[in-house]
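Peer 1: Below is a structure I'd like to ask you about.
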Amino acid sequence: MRGARGFTLLEVVVCLAVVSIMLGLALPQIRTLWDSAAEKEAARNVLAALRLARSQAITHNLEYQVAFDLDSRSFWLERGNLSKDSTEWNFVKELGAFSSGLGMATKKECNHTVGDGDFTTADNSIQFNPNGTCGSSGSANSRYICVQDETGGTAYRTGVPSSITGRAIIIDY
C-alpha cells in the first residue's frame, strides 16, 4: 500500500484541534451578532407598529395610537373614537412583544424603565392624528421607545422626533 494517499490520524487530530480553537475564539463574536439582531428586530417591530398606526389614522380619519406596557414589554394598536381629542380608546390588535432578555424604556433619554405594575394597561402611548401628525400620552409623555440589552444599555431608540411630520424612525444608540 505504498501508493495509497490519505491523511494520517495525527493530521486529522491537528486539524480538528485548530478548527476547535478557531471556533472557540469566534463564538463570543457570533453571540454578539445574534444579540444585536434581536435588538434590531425589536426596534424594527416598533417602527412598523408606529407606521401602521399613522397609516390607519390617515385612512380612517380617527386617532390611532400604539400603546406600550413596560412591565410585559408588549405593544398593541388602539383606535380613538374621534378624529381629535378622543375620549375612548378601543383595542384593535396585538402588535408584538420584546423577546426575553430585552428591556423596554421610554423618554428621549431612555431612562424611564419602570411600569405601573399592571400587565394589561399601557404605560406610554404614541398617538397619531388623521392629518399624519403625532401626539403622545401616558405617564411617560414620550414619543420614543428604547430597546435595551440585558445590561440595561440602550441599543436602539425608535420614535417620532418631530410631532409635526409624524415620521417614525430608528436611531442607532
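Readers should treat all values here as calculations from the given coordinates under stated rules, not as data from a laboratory. Treat the numbers as computed from the prediction; the structure is a model and nothing was measured. Methodologically, a virtual Cβ is constructed for each residue, glycine included, from the backbone with ideal geometry; neighbour enumeration extends over all protein chains shown.
Peer 1: Compute the distribution of all C-alpha to C-alpha distances in the chain, in bins of 5 Å from 0, and list the percent of pairs in each, rounded to whole numbers.
Peer 2: Result returned by the calculation: 1, 9, 16, 18, 15, 10, 6, 4, 3, 3, 3, 3, 3, 2, 2, 1, 1, 0, 0.
Peer 1: Rounded to the nearest 500, what is the chain's calculated 222 nm mean residue ellipticity when only DSSP H runs of at least 4 contribute -39500 (n - 2.57) each, over all residues?
Peer 2: Helix-only estimate at 222 nm: -11500 deg cm²/dmol.
Peer 1: Also, quick follow-up: Under 20 Å from the Cα of LYS108, which lysines turn up, not counting those fewer than eight places away in the same chain?
Peer 2: Within the straight-line cut-off, LYS108 pairs with LYS40.
Peer 1: Moving on. Summing Lys, Arg as +1 and Asp, Glu as -1, what charge do residues with Cβ under 14 Å from the Cβ of GLN56 carry, GLN56 excluded?
Peer 2: Working: positive: ARG51, ARG54, ARG79, LYS93; negative: GLU63, GLU78.
Charge balance near GLN56 sits at +2.
Peer 1: For Cα pairs less than 8 Å apart in space and 6+ apart in sequence, what is the mean separation divided by the residue count of segment 14-173, i.e. the relative contact order in percent?
Peer 2: Result for segment 14-173 is 22 percent.
Peer 1: Same structure again: How about the chain: what cysteines have no other cysteine beta carbon under 4.7 Å from their own?
Peer 2: CYS15, CYS134
Peer 1: If you rank ASP149, ASP69 by fewest surrounding Cβ atoms within 10 Å, what's the result? Display every interim value, and only then the final one.
Peer 2: Values: ASP149 16, ASP69 20.
Sorted ascending by nearby Cβ count, the order is ASP149, ASP69.
Peer 1: At q = 0.20 Å⁻¹, what log₁₀ I(q)/I(0) does a Debye calculation on the Cα points of segment 70-115 give, no solvent, two decimals?
Peer 2: The Cα Debye sum returns log10 ratios of -0.81.
Peer 1: Something else: Around GLY132, with a cut-off of 9 angstrom between Cβ atoms, what is the net charge of the other residues, counting Lys and Arg +1 and Asp and Glu -1?
Peer 2: +2
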